[in-house]
Structures are given as structure tokens and as C-alpha cells.
Amino acid sequence: MRNAVIWLALLAWGTVSVDAQRDKHVVGINAEPEDGEQPRNSEHYVAQDLEDDMVDWDKQSVDQQSHADVTSNLTPGDEFTQDKHAQFTSEELAHQANELYEKALRFMERGKGHGEEGKRAAYRLIDEAHKLGHNDAKKLTAFAHLFGDRARWSIEEARKLLFELEEIGSPDAQLALGFMHATGIGFSQSNQAKALVYYMFSALGGNPLAQMAMGYRYHSGVGVPQNCETSLSYYQQVAKKVAESVKFSTGLAVQRIRLTDENEPTLQSTSSPINPDLLEYYRYLADKGDLSAQFGLGQIYLSGGRGVEQNFELARKYFSTAAEAGHGGAFALLGKMYLDGTSVTPQDNHTAMQFFIKSAEKGNPSGQAGLGIMYYQGRSVSKDYEKAYRYFTHAAEQGWVDGQLYLGEMLYKGFPTKSGIRRDFKGAVKQFQLAAQNGHVLAYYNLGQMHATGTGVTRSCNNAVELFKNVAERGRWSEKLMEAYNAYKNDHRDAAAMKYLFMGELGYEAAQTNVAYILDKGEADSLFPESRENILERAIVHWQRAANQEYPLARIKLGDYHYYGWGTKTDYKQAAQNYKLAADRHAAAQAMFNLGFMHEQGLGITKDLHLAKRFYDMAAEHSTDAIVPVTLALSKLALIFLVEQLNTNPVIAYAEKMIGPYWDIVAIAVLLIIPTLYFMQRHLGRRNEIE
Ligand SMILES: *[C@@H]1O[C@H](CO)[C@@H](O)[C@H](O)[C@H]1NC(C)=O
């Protein structure tokens, strides 16, 4: 009973201050890569010659010519495999169905930037092709129903079509069914075993998204025992596919926007969508003749992404204007457009060469890298490895990413007989690392290969998986993250949740975070018409996944869920463990504060006031946001220390004898009376003054 009142008062105070802090998002925390990596020796990798596994750039740019023409070779997206067409009853019918289907895809392609109208027209054609028995059209219909891409959203309809497609062995349908089983959408409950089987068959059938889902499951141990080597074999396949399709840029800029970061503009990364106003401003500057605005706009349109559609026509326009005024970089990128060939700049080695020369004359490193490529691949000039090496080195030294990448490749391959360039794996790793730091997706890919085989570095399965995962997540399909984000912004919260749920299954941490966030806020209630408790049970799964991928806020959330018993039973030990991880790995100030509080109260961990103080101090050191709550908590601690001291004080012992064991209540009363008297006195005093 002793000190009971003080404790009650303090507890109330503490709860208030912790709650206030809990809702605040602590900024400025960066996930740190985890070390302590243990190479596995379960499967022995032979360091085979990687040549076939490395992307063959010579071949690649030839292949790309066919992709450049948008009207031929249409597929709805990299994530789909071509299905067998149904047995059409006549040649005539097959032709008609194909015609409709391809027209629909063209509509969709063009309609991308033009809103709903094109999309609706496209789906009308797809419906017709579907009615004629076109299986790819049926598939698109099924996916549209599943993801709510059409006005009518019907999971029931989607399931029916997917089962029909699954009967003829469609890997894409298997992927969708795997997703539905994994999440319990369209079925009475989730079934991880069935999901795994569907994903596996789809992955075997060559669907890259299913390969990602499998890779992620083995990487994180979702529904299967963790197995790095198995994960590696899946991710490697997807990464190869992505690396082969890279064109015109250092890879797709992926919109990994976390809804949890929305209120924190400082966390906006370079991959967030470009503000339309800003784009407008660039255009204004470009029209006024600002060279760097023209060049920047050209780059934006050349690579696309960040919410802007790729547009070769506009890219060429802006580059040409800047080049006329003598911009070296613009010359180089015009050269690159002719080197690779686009719908507006047909592949032309000679023209490319001319542009690169002009650019290099201006001392531009990308022009030099371009010349390097011409000599390296013998385009419009005869092959000359020595010259190529010199140009690449020059460009790389100026920090130009293409130079670093190609220099790395030359060092990797080595051309000792022809030009005395010796193989140098360590040198290659260094160049690839530099290029990776500059964000080049092929550099990630090559590094992945080297880590997977232990070439030039110690073999590390985990590093290889991390690298390949990064490459895989930059495939075209990552656009779905942007779609989900737009759906969210347009108040289609359920459609957003569905897309994030899907991307989360594939291993995208930002998607896992966002699903958890939407569920946490209770914003997907028609997708999951369940009790709050069930929704929170779903949410905690996704927080856990994101936390396992080292997202600090998710780790803290996990602690909160265990602390308050949301979606799980209250478990202070678990809560403390999660806060500890967030504090140790991510230096998360909020987690430190919470740990301090738990040590102070002895919740789930030993009660230790000195440790509590240490954690409070640490929190204040790590975040300015934490200073106010920490000051409050510390002053409270000081009071507790004081009380403890008083307890052992002979004077108090005497007081206790005289006043009785409830001296603390008396003390509080006195403490309350003094400020009250003081206040009254002042108040009265002022009234006197007024009078
Ligand atoms: C450009 O050079 C490459 C490599 O030598 C060659 O394969 C290609 O056909 C050339 N392109 C044209 C349009 O001649």
C-alpha cells in the first residue's frame, strides 16, 4: 500500500506521455544492412564461367530493336506468359479474336496517359475477344476483376475464370490462385500449403512474379523453412529477366512510397513521383531556353517512371534543343537513342557515333562512354579493346555510371591476348559497386552473380539474394505499386489494399508496410468485412513481414501491437524484444523511449530505474522529437529516485513513525496545497490590482 498514490499518479502521467510519443513518427532513421552473414556450405557452387549468365549487351541491343516498335510483339506486360489459345473452331475465328485482342492492347498502351476513356474502350474489345474464346483476353478479364481495374469489381467472377484457365495449365492463373489462397481472398480461409503449390507450378511455368513469391518465401521463411539457396535460384531467374530488359536508363525508378512516410516530406526519396507543378515549371524553364531543364526533361521522358510515361518523341525534342545550344550530355543521350533504336530514332550506328564524338569533344563523360561502347562492340568502327578501355576508364574516373559498368565488364572478362587487359575480378567488383551506388540495375545484377559464385568476393548466398531481389523488384511490374498508390490517393482504398497485398506477397517491403497501414487504419472494410480484431490479426502479419525486412517503423509497430494486445494477446516480453531490436538495429528513438518506460515499470523486462534513465537519455540523443517526452519522463524518474532516497532517509523514517505509514498521502496533499495557495494568492493579487 505504501507509495500507492504516488505510483498511481505517476502511472497515469507515464501512460499519457508514452501515448503522446507513440503516435509520433520518429524521423531520420535509416535501415542499416545487417551483417553477421553466414555463408552456407550446404550446396557447393562451382565457380563456373559466368559468361552465359552475364547479360550479353551486344545481343541485347539487337533484341531491343524489336521491342522498340510498340505495335509489334505486344504483350500486356512482362509479368504475363503467353497462353495457349483455345481451339478455335475456325481459322477465321482465331484471326478475328487475335485482331480484337491486339487492338485492345494498343488501346491500353496509348490510353495509359489518357485516363479512363482508352481503358474502357480496350476492355470492351477484350470482352469481345474473350467471348470468341481468346484465352489471353480471358486472363486479362480475370485479373481486372481481381484487382478492381474495371468499374465492376468481382472476385467471384475472377475466381471462376481463373479456375477455367488453370485447367489448361496457365501459369498466370496459377499465380493468381496462389495469391488468393495465400490471403484467403475468394476462399473461406487462407491456405498456405495450397498457395505454395500454386506458386511453385506457376514459377516452373516461367511466371517471374511467382518466382519472386517463391524466392521471397524461402528468403524470409514464410510458410516454408528458410532456405537461402532455394531462394537464390528463384530470384536469379527473375533478375536475369529484368536485367535483359533494361534499356535507356540505369533501370526503372520504382515508386516505393510508404504511406507511413506520407506526412514526412523529408523522407521522400528520389523515386517518389514528380510533382506535376514541378514538371510544369521545368517545361516553362525549358521553353525559356534553360539548358539543364531541357536536358532534365529529356532524361525524364527517355526513361519514364516517377509517374511520367516514357515518351521518345519528347525526349528527342528536348535533347535536340539542348544539343543545338551545345549541351554535351544531350548529344550523348541522342547518340544512345540511335545506338539502341527507338520508335522515333531507328537504330543507326553511324549517327550514334557522330553524336558521341560531338559529346566527347565537349569533354562529356557520357559521350566518352558512348565512344567506348562503339569501339568495344565494333559499331561503325572496327573493334578496338584498348581504345574502349581508355574511354571507359576516362568516363568512370569522372564518376559516369556507364563507364563504371563497362569498365567492370572489361575487367571481368579480360582481353589479355588482344590488348593486354588482364582479368581482374576484384577490380570488376569495385567498378560494379561504384555503378551500383549510382543505382545501375545491371551493376546490381553483375554483383549478384559474383556473390552467388564467389568470384572476386567471398561467396555469400545472402548477399546474392539481396542483390537479385533488388533487381527483381525493379521489373516493369513494379508499376503496380504506383497504381496502388494512385488508387489510394483517389480514395479507392480497397483496390489499393488489394494491389499492395499482391505486391507484398511478392516480397516488396513498401507494399507490406502499406497493407499493414491500411488495415491498421481500418480503411479496407469492404475487402475485409471482418471484426476489428481479425483485421488487426491480418495487419500484424504484414507488420511482421516488413519488420523482418528491416523497416524500423514496422518493428516499432510490432512492439506496439504486442504491448497493447492488438491482433495478438498482450505480451510485454515480445513488445520489449521488438523495441530492443528497433533500438539496436535502427537506433529508433521511439523504441528507446518505450524501452525506458518498460524498464521503469518493469513490464516484460527487469525493473531497473538506472537502465530506464539510460534509455531515456539515448532517445533524446537520437531524436530531437524525443526531447520533450524524455524531459517529462526524466523529471518523473528524478521524483521516483527522490522517493526511493526518502525511503531510506532517517528523517523520513522518523516522520513515518510520527505520521504513520500514509505519510506519502499527506506529502502529496501538502504538495498540492502549496501550488493551490500560491495560485490563489496570485489570482487574488491580480484582482486587487485591477480593483
Ligand atoms: C550496328 O552494329 C552492330 C554491331 O556491329 C550490327 O550488328 C548492326 O547490324 C549495326 N546496325 C546497322 C543498322 O547496321
Taking segment 542-579 only, how many residues are among the basic types (Lys, Arg) and in contact (Cβ under 8 Å) with a residue 40 or more places away in the chain?
2
Under 7 Å by Cβ, and 6 or more places apart or on different chains, what pairs join a residue from segment 80-101 that is part of a helix (DSSP H, G or I) with one that is modelled with pLDDT under 85?
ALA94/HIS85; ALA94/PHE88; ALA97/PHE88
Under 8 Å between Cβ atoms, which residue pairs at least 6 apart in sequence (or on different chains) link something in segment 580-607 that is closer than 23 Å to PHE641 by Cβ and acidic (Asp, Glu) with a partner that is crowded, with 19+ Cβ neighbours inside 10 Å and at pLDDT 90 or above?
GLU600/ALA612
If you go through LEU603, LEU558, LEU581, the only one that is over 24 Å from the mean Cα position of the chain (by Cα) and of a type outside the set (Lys, Arg) is LEU603
Restricting attention to segment 200-222, report how many residues are of a type in the set (Lys, Arg) and on the phi > 0 side of the Ramachandran plot.
0
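Per-residue answers, yes or no, for (1) part of a helix (DSSP H, G or I); (2) closer than 21 Å to ARG258 by Cα; (3) among the polar types (S, T, N, Q); (4) in contact with a His (Cβ under 8 Å, 6 or more places away or on another chain):
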residue: GLN449; (1), (2), (3), (4): yes, no, yes, no
residue: THR458; (1), (2), (3), (4): no, no, yes, no
residue: ASN470; (1), (2), (3), (4): yes, yes, yes, no
residue: LYS480; (1), (2), (3), (4): yes, yes, no, no
residue: ALA497; (1), (2), (3), (4): yes, yes, no, no
residue: ALA510; (1), (2), (3), (4): yes, yes, no, no
residue: ALA524; (1), (2), (3), (4): no, yes, no, no
Look at GLY522 and say whether it is surrounded by fewer than 18 Cβ atoms within 10 Å (Cβ to Cβ), farther than 30 Å from ALA151 by Cα and over 19 Å from the mean Cα position of the chain (by Cα).
no
Within segment 608-619, how many residues are in contact with a helix residue (DSSP H, G or I) (Cβ under 7 Å, 6 or more places away or on another chain) and touching a residue at least 12 places away in the same chain (Cβ under 8 Å)?
8
How many residues does segment 383-414 hold that are more than 16 Å from the ligand (Cβ to nearest atom) and outside any helix (DSSP H, G or I)?
4
Residue list for segment 358-382, filter: within 16 Å of the ligand (Cβ to nearest atom), of a type in the set (A, V, I, L, M, F, W, C) and in a helix (DSSP H, G or I)
LEU371, ILE373, MET374
Within segment 415-436, is there a residue that is within 16 Å of the ligand (Cβ to nearest atom) and either part of a helix (DSSP H, G or I) or closer than 22 Å to ALA352 by Cα (or both)?
no
Being at pLDDT below 90, surrounded by fewer than 17 Cβ atoms within 10 Å (Cβ to Cβ) and farther than 28 Å from GLN310 by Cα, is that true of even one residue in segment 199-218?
no
Looking only at residues in segment 365-411 that are among the acidic types (Asp, Glu) and buried (at least 18 other Cβ atoms within 10 Å of the Cβ), which one is farthest from TYR445 (Cα to Cα)?
ASP402
Out of everything in segment 318-357 that is among the hydroxyl-bearing types (Ser, Thr, Tyr) and within 16 Å of the ligand (Cβ to nearest atom), what residue ends up being surrounded by the most Cβ atoms within 10 Å (Cβ to Cβ)?
THR342
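The values are calculated or read from the model by the stated rules, or taken from the named source; none is laboratory data. For clarity, every value in this text was computed on a predicted model and none was experimentally measured. Cβ atoms come from the backbone with ideal geometry, glycine included; neighbour counts cover every protein chain shown.
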